[in-house]
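The values are calculated or read from the model by the stated rules, or taken from the named source; none is laboratory data. Predicted model, so just to flag it, every value in this text is computed and none were measured. So basically every Cβ, Gly included, is an ideal-geometry build from the backbone, and we count neighbours across all protein chains shown.
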Amino acid sequence: MKNILKLLISFPAVALISLHAQMGPPIPPGETFYAGEVLGVFQSSADMDAGGDMSIHRLGFKFGAIRGLDGGSSIGGGLSYTMLGYRFEGVPAQGGFKPWEDIDQLQLSLQYRYAIDGESSMFLMPSVTSSGESGASFGDGIEFGAIFGYTKTFSRELTLGIGGGAFYGLEDTSGFPVIFVYWQMADNWRLSNPFRPGPSGPAGLEVVYTGLTGWEIGFGGGYRVSRFALNDVGAAPNGFGQNEGAAMFVRASREFQTGGNLDLYVGTVVGGELELEDSGGSLLARTDYDPSILFALAFTQRW
């Protein structure tokens, strides 16, 4: 069993609209809001240090709901499914790295926000996730944990928050701090967490320009760790795989009067690394991979 402290400004995706709700205005008591999301990401071929190259395509769907409670508090939850398709090509027969193929991820999450007063609130967001290669044991792919934190609004231009997360499963235990930022630096410019679907998930930091009619442009990034269980017929039977790296991107977004939102991304992944572990979580192989261009398209509809 490994114990890892991840000093990140990013965190796992836990619930559609839940994270955004911690930073936004309180939801009126008795009102319920819903949101649906679809996300597609293509990461082009990247050379691996172990030889050969790798590409990834990702398709995800999410649905979430949140309901306002008395005193500015709220409760909600979400359900998501993501498919990650890995393609390894040109891998050497000896010493090459080609350990897995398609990965399925299913996540159920909840969230509760407690409003301390008009400016401060605390929140808790537990989640259970199953993440595994096609044919892997469902139980081996289970991970559960929670994100918690505190946010305070200092003015219309500035909201800050701090918290942490702890997750257990997949022969791994991880904990990390979380930083929340909303800072309107100047007219048409802000620094904030990108609470929207994208190549780094609802995580990281970005600088956003809002001076264009109907569009906003974001420049940002976030660190992403994807860990999953493997089936019993591959290079590491009943083992575990991991892919991590920092996604850097440029985003163009358009919001529609019908409640829809379209996000277009182009970017890259730097510091990419793949790991293969046995059924006990011991490292068997590791390889870095080069930066490559990625594209992403997301659409969110809110009711």
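What are the residues in the range 255-295 that are of a type in the set (A, V, I, L, M), exposed (fewer than 14 other Cβ atoms within 10 Å of the Cβ) and touching a residue at least 60 places away in the same chain (Cβ under 8 Å), if any?
Listed by number, the list holds a single entry, Ile293.
Does Ser253 meet the test of being at pLDDT below 95 and of a type outside the set (A, V, I, L, M, F, W, C)?
No.
Within the group Gln242, Gln301, which residue is in contact (Cβ under 8 Å) with a residue 24 or more places away in the chain, touching a strand residue (DSSP E or B) at 6+ places or on another chain (Cβ under 7 Å) and over 19 Å from Val91 (Cβ atoms)?
Gln301
Let me confirm something: among Gly85, Gly78, which residue is surrounded by fewer than 16 Cβ atoms within 10 Å (Cβ to Cβ) and either at pLDDT 95 or above or within 28 Å of Ile142 (Cα to Cα) (or both)?
Answer to the selection: Gly85.
So Gly165 passes all but one of these: (1) free of Cβ contacts under 8 Å to residues at least 60 places away in the same chain; (2) in a strand (DSSP E or B); (3) not aliphatic (A, V, I, L, M). Which condition number does it fail?
So the condition that Gly165 fails would be (1).
Which of (1) more than 20 Å from Arg224 (Cβ to Cβ); (2) within 21 Å of the chain's Cα centre (by Cα); (3) surrounded by fewer than 16 Cβ atoms within 10 Å (Cβ to Cβ) does Tyr168 not meet, given it meets every other one?
Tyr168 satisfies all of (1) more than 20 Å from Arg224 (Cβ to Cβ); (2) within 21 Å of the chain's Cα centre (by Cα); (3) surrounded by fewer than 16 Cβ atoms within 10 Å (Cβ to Cβ) except (1).
Among the candidates Tyr182, Tyr209, which residue alone is touching a helix residue (DSSP H, G or I) at 6+ places or on another chain (Cβ under 9 Å) and either assigned to a strand (DSSP E or B) or without any contact (Cβ under 8 Å) to a residue 40 or more places away in the chain (or both)?
Tyr182
Could you please find all residues in the range 107-127 being more than 17 Å from Phe180 (Cβ to Cβ) and either among the polar types (S, T, N, Q) or crowded, with 16+ Cβ neighbours inside 10 Å (or both)? Outline the logic, then answer.
So the first thing to find is which residues in the range 107-127 are more than 17 Å from Phe180 (Cβ to Cβ), and the list is 107-110, 117-118, 126-127.
Within the range 107-127, Gln107, Leu108, Ser109, Leu110, Pro126, Ser127 meet the criteria.
Given the condition modelled with pLDDT of 90 or more, within 28 Å of Leu284 (Cβ to Cβ) and assigned to a loop (DSSP other than H, G, I, E, B), answer yes or no: does some residue in the range 12-31 qualify?
no
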